[in-house]
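Participant: Shown below is the structure under consideration.
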Amino acid sequence: MEKGKFGVRLSFYAVAAFIFAILGYSTALILLAGVVIVGEKEEWAGRQVIQAVCLQFVSGVIGTFFGLFDFFYRIPIFGTVWGTIVSIVESVIAIIILIFAIIGLVKVAGGKEAGVPLADKFANWAYGKITVKQQPVYQQPMQPMQPMQPAAPAQPVQPMQPAAPAQPAADVCANCGNPLNGGAFCTKCGTPAAK
């Protein structure tokens, strides 16, 4: 991995960002993000640091959300139940964030994209990179080729003959198509039979 403007390897910034996210050092993480985004102005490192910041942000938002309901702890029996629920939810979310942070740390240490779900889309959006999902291409199965037939000799073109006017049948009325039954006039419309 190449070095940035300050002579520090770009992967170091990304690794440090994920370590700060794992340890919960949000102030250090924000300062590092400022150095990378404003100072280094390097896109890859900036996107990785943004993903680490997103992980820390989610952790902070969850903690703040549950902090809004601290008054539940004062309710006698319900406060204990509420505390247990909050502990379980915060623990599960902390484990998920830790797993994503460790996976991101391992990937950026190798110079790859961290690929934190949703955070990578936000980081790409922040840098104006839009990823387009490729649609599957369906192809018709190939048909076996038929052996080519020799071309038939060209037939001379015959001039078109003018079409003969269609004459109605003798036993049908020329006007309405009703059967004449051998009569001289149509029994339906009265038209004389064609001769």
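The values are calculated or read from the model by the stated rules, or taken from the named source; none is laboratory data. These numbers were taken from a predicted model, which means no experiment stands behind them. Glycine gets a Cβ as well: all are built from the backbone with ideal geometry, and neighbour counts include every protein chain shown. Note: areas computed on protein heavy atoms with side chains; ligands, DNA, RNA excluded. Shrake-Rupley method; radii C 1.70, N 1.55, O 1.52, S 1.80 Å.
Participant: Highest mean first, how do 8-20, 37-49, 89-101 rank when packing is the count of other Cβ atoms within 10 Å averaged over residues? Provide the component values of the computation, followed by the final result.
Facilitator: Values: 8-20: 21.2, 37-49: 19.5, 89-101: 14.8.
Ranking the peptides 8-20, 37-49, 89-101 by packing returns 8-20, 37-49, 89-101.
Participant: Could you size up the charge dipole of the chain around its Cα centre, putting +1 on the beta carbon of Lys and Arg and -1 on that of Asp and Glu, and report it in debye to the nearest 20?
Facilitator: About 240 debye.
Participant: Turning to a different aspect of this structure: Tell me the relative contact order for the chain as a rounded percent, counting alpha carbon contacts under 8 Å between residues six or more apart.
Facilitator: It comes to 17 percent, rounded to a whole number.
Participant: Additional query: So how do D120, D70 rank on accessible area, 1.4 Å probe, biggest first, that is with the largest at the start?
Facilitator: D70, D120
Participant: Please turn the phi angles of segment 17-33 into ³J(HN,Hα) values with the Karplus equation 6.51 cos²θ - 1.76 cosθ + 1.60 (θ = phi - 60°), one per residue in order, whole Hz, x for glycine and proline.
Facilitator: In residue order, the calculated couplings are 4, 6, 5, 4, 5, 5, 7, x, 7, 5, 5, 4, 5, 5, 4, 4, 4 Hz.
Participant: Another one. Going 7 Å from the Cα of A94 in the Cα-to-Cβ direction, what parts of segment 55-84 have a backbone nitrogen less than 19 Å from that spot?
Facilitator: 55-70, 73, 80-84, by backbone N distance to the label point.
Participant: For segment 77-82, just list the computed ³J(HN,Hα) in residue order, Karplus coefficients 6.51, -1.76 and 1.60, θ = phi - 60°, integers in Hz, with x standing in for Gly and Pro.
Facilitator: Using θ = phi - 60°, the values come out as 2, 5, x, 5, 5, 4 Hz.
Participant: Give me the compactness ratio for segment 1-150, meaning the Cα radius of gyration over 2.2 N^0.38 Å.
Facilitator: 1.57
Participant: A follow-up question, please. For the chain, give the percent of accessible area contributed by carbon and sulfur heavy atoms, probe 1.4 Å, rounded to a whole number.
Facilitator: C and S fraction of accessible area: 66 percent.
Participant: Which of the listed residues, S26, L10, I97, is farthest toward the dipole's positive end in the chain, when Lys, Arg count +1 and Asp, Glu count -1 at the beta-carbon?
Facilitator: So the residue furthest toward the plus end is L10.
Participant: Additional query: With n ≥ 4 as the cut-off for DSSP H runs, can you work out [θ] at 222 nm for the chain, using -39500 (n - 2.57) per run divided by the number of residues, rounded to the nearest 500?
Facilitator: -15500 deg cm²/dmol
Participant: For a quick check: with amide H placed at 1.01 Å from N, whose amide H comes under 5 Å from V172's, ignoring anything fewer than 5 positions away on the same chain?
Facilitator: Result for V172 returns L180.
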